[in-house]
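Participant: Before we start, here is the structure in question, set down as structure tokens.
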Amino acid sequence: MLAMDYRGPKRVRATQKPMPEIKHPQDAIVRVTRSCICGSDLHLYNGNVPDTRVGMTFGHEFTGIVEEVGPDVTKIKVGDHVLVPFNVACGECHFCKQGMFGNCHESNTQASAVGGIFGYSHTAGGYNGGQAEYARVPYANVGPTVIPEGMDPDDAVLLTDVVPTGYQAAEMAGIQPGDTVVVFGAGPVGIMAARCCWLFGAGRVIIIDKEDYRLEFARNYANCEAYNFEKDMDDPVVFIKKATDFMGADCVIDAVGAEAAGNAMQTITGRKLLLQAGSTTALHWAINSVKKGGVVSIVGVYGPTDNLVPIGNVLNKGLTIRANQASVKRLLPRLIEHVQNGVINPKALITHRIPLEEVADGYRMFSAKLDSCIKPLIVFPSANI
């Protein structure tokens with residue numbers, strides 16, 4: 001089968017790989033119909049996440065048609081068109097039973113933090129992902145969800161990560177009616193988070209980034225204020241303080257993570273020399289611009305080692321920090337309803353369709369922010385959907 005193949009930082013290609021096989025009675029094999037390149041994939045592509053191994057197939061956002069199931073699979077059947085949450089979750093452990101599917105204790109037994117994730121580094125279990133013609137899906141009674149009749153597969157594929165992560169970012173922010181919410185990062189997740197803030201009663205939503213095309217997209221899609229931290233202000237923290245009567249925002253969302261720009265020291269130590277697990281510039285801004293007693297919600301991805309974070313400010317301001325990988329399965333029923341009722345329009349985020357054969361060009365374009373790319377979708381000639 002044709003699949004994306006990681007060859008080292010900034011080096012990926014499409015190549016022939018062996019077909020996946022059933023390895024456990026609860027496995028399923030799906031023929032992939034849609035897959036995406038995520039901003040989190042760029043952290044892998046750029047070499048910012050430890051233990052990303054040569055030969056890995058990325059892709060944690062995908063849909064597919066079930067081709068084969070193991071003998072213990074009862075919830076889906078051959079021929080079903082399913083969306084596959086990015087969490088690899090057993091559904092039976094202590095954390096899954098609490099709805100914390102992003103922290104499954106069984107799917108990534110070598111780790112003490114994150115659960116398994118499709119198509120990510122071996123710190124997340126080392127599961128090959130969906131940027132391939134076929135994919136093996138473990139725990140097929142838990143994750144894969146049949147796409148509702150009439151739902152566009154382009155909407156369905158974004159329900160595997162972008163929509164739940166943006167929604168959970170807003171949920172974790174603890175937004176109260178009328179709150180001012182600031183979102184750092186106008187990538188797909190940041191834009192979706194800004195859109196979802198209104199669902200929780202926000203009175204004002206501000207998004208901050210440095211790419212004008214992203215900011216314009218966010219204004220139109222999320223109906224929010226959008227500002228360029230390189231052009232519209234000298235200091236994002238001072239800007240937000242001035243915009244909130246020097247109180248600070250009620251809630252701030254970090255939707256950037258390890259590759260944040262805006263501070264030379266953070267960029268050098270976190271992105272160039274890798275002395276810390278990514279640049280924490282956006283997290284610094286979030287902590288310093290939220291009000292005393294406010295909430296910082298973190299969905300931007302950082303590596304699993306140390307970061308330079310102003311923890312003293314967190315203490316002295318009495319802040320609440322909430323962070324996690326999205327628990328897709330917990331959120332899916334509500335989000336499917338929102339999509340069906342037209343409350344959320346996920347597929348509007350898709351700006352580019354990349355044939356799997358050209359996946360290397362897709363990564364280069366997305367990473368370099370070329371051609372006003374917001375969200376690239378990988379398409380498969382064999383999908384016929």
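The values are calculated or read from the model by the stated rules, or taken from the named source; none is laboratory data. Keep in mind that what you see is a predicted model, and the values were worked out from it rather than measured. What goes into the accessible areas is simple: the full protein's heavy atoms, side chains included, and nothing from ligands, DNA or RNA. Shrake-Rupley method; radii C 1.70, N 1.55, O 1.52, S 1.80 Å.
Participant: So what's the back-of-envelope 222 nm ellipticity for the chain, counting only DSSP H runs of four-plus at -39500 (n - 2.57) apiece and dividing by all residues, rounded to 500? Present the calculation step by step, with values, prior to reporting the outcome.
Facilitator: Values: 11 runs with 95 residues, N = 385.
It lands at -7000 deg cm²/dmol.
Participant: Sticking with this one: Measuring from the lowest to the highest alpha carbon on each principal axis, how far does region 159-227 reach, largest first, in angstroms?
Facilitator: Computed over region 159-227, the largest-to-smallest principal extents equal 29, 28, 16 Å.
Participant: So what are the ³J(HN,Hα) numbers for region 220-235, from phi and the Karplus equation (6.51, -1.76, 1.60; θ = phi - 60°), rounded to whole Hz, Gly and Pro as x?
Facilitator: 6, 7, 9, 6, 10, 6, 9, 9, 9, 6, 8, 10, 9, 7, 8, 9
Participant: OK, next. So what is the accessible area of region 1-114 per residue, in Å², with the probe set to 1.4 Å?
Facilitator: Details: 4900 Å² over 114 residues.
Heavy-atom accessible area per residue stands at 43 Å².
Participant: At 25 °C and 0.890 mPa s, what whole-number value in µm²/s does Stokes-Einstein give for the translational diffusion of region 1-60, with Rh from the Kirkwood sum over Cα pairs?
Facilitator: Working: Rh = 12.9 Å.
The calculation lands on 190 µm²/s.
Participant: For region 221-282, how big is the tail of P(r) above 16 Å, as a whole percent of Cα pairs?
Facilitator: Numbers: 1058 of 1891 pairs.
For region 221-282, the fraction of Cα-Cα distances above 16 Å is 56 percent.
Participant: Just to be sure I understand the curve: with the Debye formula and one point per C-alpha of the chain, what is log10 I(q)/I(0) at q = 0.07, 0.14, 0.15 Å⁻¹?
Facilitator: Reported log10 I(q)/I(0), two decimals: -0.28, -1.20, -1.39.
Participant: Separate question: Which of rounded, prolate, oblate describes region 286-365, given a ≥ b ≥ c as roots of the alpha-carbon gyration tensor eigenvalues and a/c under 1.5 marking rounded, otherwise prolate only if a/b is larger than b/c?
Facilitator: Oblate shape, in that a/c is at least 1.5 and b/c is the bigger or equal ratio.
Participant: May I ask you to compute the full-extension gain from Ser112 to Lys97, defined as 0.36 nm times their residue separation minus their alpha-carbon distance, rounded to one decimal in nm?
Facilitator: Numbers: separation 15, 0.36 × 15 = 5.40 nm, distance 1.72 nm.
Extra length available between Ser112 and Lys97 comes to 3.7 nm.
Participant: Where does region 10-139 land on Rg/Rh, using Cα atoms and the Kirkwood Rh? Provide the component values of the computation, followed by the final result.
Facilitator: Values: Rg = 14.3 Å, Rh = 15.0 Å.
Looking at region 10-139, the ratio lands at 0.95.
Participant: So what's the angle, to the nearest 10 degrees on a 0 to 90 scale, between helix 162-172 and the longest Cα principal axis of the chain?
Facilitator: 40
Participant: Can you pick out the pairs among Lys292/Lys369; Lys75/Lys347; Lys210/Lys347; Lys210/Lys291; Lys23/Lys272; Lys10/Lys75 whose Cα atoms lie more than 32 Å from each other?
Facilitator: Flagged as over cut-off: Lys292/Lys369; Lys23/Lys272; Lys10/Lys75.
Participant: Quick one: with all protein chains in place, what share of the accessible area of region 97-171 is carbon or sulfur, to the nearest percent (1.4 Å probe)? Display every interim value, and only then the final one.
Facilitator: Details: 1040 of 2390 Å².
Exposed carbon and sulfur together represent 44 percent of the surface.
Participant: Let me make sure I get this right: for region 103-178, a, b and c are the square roots of the gyration tensor eigenvalues over alpha carbons, sorted descending. Under 1.5 in a/c it's rounded, otherwise prolate if a/b > b/c, else oblate. Which is it? Please report the intermediate quantities before stating the final value.
Facilitator: Numbers: a/c = 2.19, a/b = 1.15, b/c = 1.90.
Since a/c reaches 1.5 but b/c is at least a/b, the shape of region 103-178 is classed as oblate.
Participant: With springs only between Cα atoms under 10 Å, which of Gly303, Gly115, Gly201 fluctuates most in a Gaussian network model of the chain?
Facilitator: Gly201
Participant: How many angstrom lie between the C-alpha centres of region 56-74 and region 197-235?
Facilitator: 36
Participant: Still on this structure: If you average the C-alpha positions of region 122-167 and of region 311-344 separately, how far apart do those two centres end up, in angstrom?
Facilitator: Each part's Cα centre sits 18 Å from the other's.
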